[in-house]
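This report refers to the structure that appears directly beneath it.
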Ligand SMILES: Cc1cc2nc3c(=O)[nH]c(=O)nc-3n(C[C@H](O)[C@H](O)[C@H](O)COP(=O)(O)O)c2cc1C
């Protein structure tokens, strides 16, 4: 099962993530948990989230980039759900062997994230990558949709379809 943990604070205004979610939902075996819909008061049901994670083979963290990072509810989700004795530490093996895909959209262009004036995309990914590895998960190459402010509808759709294809290819590789 592919579990998409979706964190968009303004999903009703989304252009990019909305299309990605629509495409992903067409695949059998994909479950989407929309954190801002489930927890508008930020009161995360940790047991329910852990139960969903335990059923997943591939976990996806999908969100718009906000200040070079994740939206606040996803950060809180990571802090609360990946708990000691469950995700890490003594007896904390629940996520071992699962894969983690970071699926992020950005207003900035690919060029904006090149190493130079800014630290570069691989550097920005490091806290999430480290978290995944610390919990015994396999970090996959991130799926990134840049330029979301300037992309026309056709380009957004093409990128969203590529997202769907990425998830299907993962399924085919792992389950024949
Ligand atoms: C509070 C806030 C912070 C943002 N920070 C960044 C950023 O650091 N880098 C970037 O490229 N885009 C940034 N953006 C732009 C969003 O990433 C962009 O609007 C989003 O990816 C578009 O996806 P959507 O159409 O699904 O909303 C920010 C947007 C908001 C609202």
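Segment 59-122 and segment 1-48 have their alpha-carbon centroids 15 Å apart.
For segment 1-83, the average shadow cast by the Cα convex hull is 5.5 nm², which is a quarter of the hull's surface.
Antiparallel beta bridges, as assigned by DSSP with both residues in segment 2-175, represent about 5 percent of the total such bridges. Expressed in Å, the radius of gyration and Dmax of the Cα atoms of segment 2-175 are 15.7, 49.
Every number in this text was worked out from the coordinates using simple rules, so none of it is lab data. Please read these numbers as outputs of a predicted model, since none were measured by experiment.
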